[in-house]
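Beneath this line is the structure, given in structure tokens, with notes to follow.
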Amino acid sequence: MRDLLASPYPAARVAVEYFVYRAAKEIGALATVLQGIDALVFTAGIGEHSTVIRARICQAFSWLGVVLDPAANAEHHLR
């Protein structure tokens with residue numbers, strides 16, 4: 001993901017967009033089954049270390065009331 005985000009190639013941008021789309025799709029499905037969410041927690045490599053990906057996924061759920069704290073998000077960055 002780090003390489004894709006840094007890449008100047010359009011295909012890399014599409015790959016990142018597709019990753020965010022798929023993550024949002026799965027989270028949306030779970031939110032529907034659960035009839036809402038209380039929190040959105042990011043774990044593992046990308047979710048744990050990529051401020052950009054966390055922000056993009058959270059932005060996709062603004063309609064659900066998800067609000068990302070920019071300061072907290074910036075504390076944990078992609079290594």
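Rule-based calculations on the coordinates, nothing more; no lab input. What you see is a predicted model; the values in this text were computed from it and never measured. Methodologically, a virtual Cβ is constructed for each residue, glycine included, from the backbone with ideal geometry; neighbour enumeration extends over all protein chains shown.
Contact map, segment 1-12: first residue surrounded by 10 or more Cβ atoms within 10 Å (Cβ to Cβ), second residue part of a loop (DSSP other than H, G, I, E, B), Cβ cut-off under 8 Å, separation 6 or more or different chains; pairs are 1/50; 1/78; 2/50; 2/78; 5/50; 5/78. For segment 20-79, filtered to residues that are assigned to a loop (DSSP other than H, G, I, E, B) and either among the basic types (Lys, Arg) or on the phi > 0 side of the Ramachandran plot (or both), the residue that is surrounded by the fewest Cβ atoms within 10 Å (Cβ to Cβ) is 35.
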